[in-house]
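Have a look at the structure below, then the notes.
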Amino acid sequence: MIAAVLLLVAQTAAPRVAAARIEVNGPCAGISARVEGAGSFELVLDQPLSAGERKTFEVAVPLPASPLSAEWNTKLITEALASTAHAALIELVPARGLDGVSAELRARPRAALGDHGARLPWSALFVLGAAFAISLHQRRRIVVTSALALFASVAAVVLVHGLGAPLISAARIVEMRFGELPGEPWLAVEARRGVLRSDRIADERIEVEPSFAPVHCTTRESSPRFELTAPGATFVRSRTLQPGARRLAREVNAFGAFEASWLREPDGTWRAIGPWRLGDPLPTGKPGEPPGWLVPALPMGTSVFLGRLAAGELDLAFTGSDPPTWVRGLGL
Amino acid sequence: MRPPASIVAWCASLAPLLLERAGVLDFALAGPAAAPRLGLCALAWIALAGLPCAGSAPREPHSWWGSAMASLPVLATASALDVESGAALAHAIRTAIWALAFVALTGLAAELAHRRATSRGVHAAVWLAVFLGAPMFAAAFHFGARASAFPFPTFVRSLANSSPLQWSLHASTGAASPYTAFAALVVLCALAAHFGRGAEA
């Protein structure tokens with residue numbers, strides 16, 4: 001019953017972006033179109049197509065927030081492409097499901113991202129104003145204005161950098177369960193606020209929070225090929241990961257090197273484990289709490305492991321090293 | 001740059017940061033290779049520091065250096081905000097140094113040109129045609145002729161890239177090469193110095 005409810009919750013959000021194979025007819029330097037109730041998409045060509053030239057492209061297209069049938073989505077994209085007079089739909093690649101991933105993994109709470117970027121603190125504005133007023137008054141004295149500018153710059157940078165909690169605008173988490181069926185697939189989830197850039201979208205499930213936010217998809221011929229934007233919203237990209245020979249147990253780390261890690265015992269006490277090297281048993285650690293944005297409402301009564309992978313580890317899950325990849329597992 | 005222009009530049013350069021603070025602007029869409037706050041802040045300083053002056057305006061020696069120093073705290077703050085929001089540190093520092101150099105050089109060109117009527121004319125013509133006009137021409141092509149059958153002309157892009165204003169706009173959206181704009185500014189300074197030689201007129 002619980003599993004059925006979790007599965008229902010996990011499947012509520014519809015994928016908002018799909019890959020479409022289209023044929024473009026020249027003369028054309030690019031196409032752009034709107035999809036009713038979903039957003040817009042654009043194809044930017046490096047070299048314009050000449051008259052009579054035809055070429056096939058894979059482009060990212062937005063899908064409506066409300067889950068519709070594949071036929072209805074195809075009809076929407078066909079109509080949008082028809083409005084450009086330069087392109088026609090060949091095939092709308094169905095959004096990939098997360099087959100084999102347990103409902104518990106899919107229903108886990110997402111990392112809590114900040115709802116905005118860094119912002120100018122009033123204290124820094126005060127420093128800037130005071131420095132500017134003094135430098136205007138002393139503008140004929142070069143040494144004084146130079147020294148003042150340097151001092152104000154350092155002070156403003158310190159105030160911007162040093163005040164306030166760090167804002168998380170992107171997160172990568174590999175969700176897993178320990179001690180379950182051998183070979184059970186994991187779930188790699190990447191969340192990014194506002195914009196998502198990628199070279200592949202066909203084998204991923206892309207959702208948007210809030211689900212009704214309009215999405216603009218730009219496709220280019222050079223890397224990164226796909227750029228998805230939704231101002232004020234968060235993109236959540238999920239894909240299935242096969243564990244292969246990797247495994248993690250208290251006896252041995254056969255997974256990868258962790259820069260930092262934490263463990264919550266079933267009784268609810270957290271321990272900061274620190275670095276956990278490949279091949280080592282779980283270090284003892286000392287009492288300490290993990291970053292709060294990683295542990296929103298995780299289940300009680302079982303152990304929770306959190307680890308930040310070293311750069312270059314598990315690079316099959318995500319492209320690039322920014323932001324770092326976290327591993328979150330229950331039942332270690 | 002005289003005090004009224006400095007005040008306008010200071011207010012204009014802080015406007016993007018204050019609008020972002022108020023939630024009107026959102027620079028979250030910029031990638032790690034972009035410095036959106038720094039690019040927009042530098043735009044105001046570069047535009048006003050290099051603005052051609054009227055011949056009747058009183059001359060202030062070393063005002064170009066004063067302009068650069070007045071812009072430094074704002075540029076440093078914008079750069080720090082970019083880094084805090086995910087921009088690469090090395091890229092943000094490099095962009096800030098280039099922005100400061102452009103503010104100083106545009107101010108220096110305006111100050112060198114101020115000495116004589118000929119140099120003022122040459123400076124004003126180059127500034128308005130190349131540094132201001134070319135980016136606006138490019139923007140007109142970009143936004144006005146975006147139809148798929150009209151690709152962006154390469155010569156317009158090349159001309160616009162010689163403007164430090166275009167560089168700061170590009171820096172706000174992604175990586176931008178500063179070398180063309182730097183070379184153009186050095187040439188402008190040399191022209192202003194050449195035509196501005198001799199007694200003031």
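Quick rundown of the values:
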item: Which listed residue is facing another protein chain (nearest Cβ under 8 Å), surrounded by fewer than 16 Cβ atoms within 10 Å (Cβ to Cβ) and either closer than 17 Å to residue B:46 by Cα or modelled with pLDDT under 90 (or both), from B:90, B:145, B:149; result: B:149
item: Counted residues, the range B:62-87 - those being on the phi < 0 side of the Ramachandran plot, within 8 Å of chain A (Cβ to nearest Cβ) and not in a helix (DSSP H, G or I); result: 1
item: Sole residue being surrounded by fewer than 14 Cβ atoms within 10 Å (Cβ to Cβ) and at the interface with chain B (Cβ under 9 Å from one of its Cβ atoms), chosen from A:158, A:154; result: A:154
item: Tally, over the range B:159-201, of residues that are modelled with pLDDT of 80 or more and more than 16 Å from the chain's Cα centre (by Cα); result: 6
item: Hey, residue B:118 under 25 Å from residue A:126 (Cα atoms), in a helix (DSSP H, G or I), in contact (Cβ under 8 Å) with a residue 12 or more places away in the chain and not aliphatic (A, V, I, L, M) or not; result: no
item: Pairs, first over 15 Å from residue A:40 (Cβ atoms) and in contact (Cβ under 8 Å) with a residue 60 or more places away in the chain in the range A:212-231, second of a type in the set (Phe, Trp, Tyr) and surrounded by 18 or more Cβ atoms within 10 Å (Cβ to Cβ), C-beta under 9 Å, six or more apart; result: A:220/A:226
item: Criterion (buried (at least 18 other Cβ atoms within 10 Å of the Cβ), basic (Lys, Arg), without any contact (Cβ under 8 Å) to a residue 24 or more places away in the chain and part of a strand (DSSP E or B)) met by exactly one of A:237, A:271, A:308; result: A:271
item: Within the range A:139-151, considering residues that are crowded, with 16+ Cβ neighbours inside 10 Å and modelled with pLDDT of 85 or more, the one nearest to residue A:312 (Cα to Cα); result: A:149
item: Subset of the range A:128-151 [more than 8 Å from chain B (Cβ to nearest Cβ) and among the hydrophobic types (A, V, I, L, M, F, W, C)]; result: A:130, A:133, A:134, A:143, A:144, A:147, A:151
item: Answer residue from the range A:195-218, given it is polar (S, T, N, Q) and within 14 Å of another protein chain (Cβ to nearest Cβ) and is farthest from residue A:24 (Cα to Cα) among those; result: A:198
item: Filtered residue count, the range A:216-264, keeping only those that are closer than 17 Å to residue A:18 by Cβ and touching a helix residue (DSSP H, G or I) at 6+ places or on another chain (Cβ under 9 Å); result: 1
item: From B:155, B:131, residue being more than 27 Å from residue A:121 (Cα to Cα) and free of Cβ contacts under 8 Å to residues at least 40 places away in the same chain; result: B:155
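For every residue, the table says whether it meets (1) modelled with pLDDT of 80 or more; (2) within 30 Å of residue A:293 (Cβ to Cβ); (3) not small (Gly, Ala, Ser).
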{"position": "A:125", "(1), (2), (3)": "yes, yes, yes"}
{"position": "A:137", "(1), (2), (3)": "yes, no, yes"}
{"position": "A:163", "(1), (2), (3)": "no, yes, yes"}
{"position": "A:171", "(1), (2), (3)": "yes, yes, no"}
{"position": "A:174", "(1), (2), (3)": "yes, yes, yes"}
{"position": "A:199", "(1), (2), (3)": "yes, yes, yes"}
{"position": "A:204", "(1), (2), (3)": "yes, yes, yes"}
{"position": "A:217", "(1), (2), (3)": "yes, yes, yes"}
{"position": "A:220", "(1), (2), (3)": "yes, no, yes"}
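Results for (1) modelled with pLDDT under 85; (2) over 30 Å from residue A:175 (Cα atoms); (3) of a type in the set (S, T, N, Q), shown as yes or no for each residue.
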residue	(1), (2), (3)
A:3	yes, no, no
A:8	yes, no, no
A:27	no, yes, no
A:32	no, yes, yes
A:35	no, yes, no
A:54	no, yes, no
A:74	no, yes, yes
A:77	no, yes, no
A:80	no, yes, no
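The values are calculated or read from the model by the stated rules, or taken from the named source; none is laboratory data. Please read these numbers as outputs of a predicted model, since none were measured by experiment. As a convention, Cβ positions derive from the backbone with ideal geometry for all residues, glycine included, and neighbour counts pool all protein chains shown.
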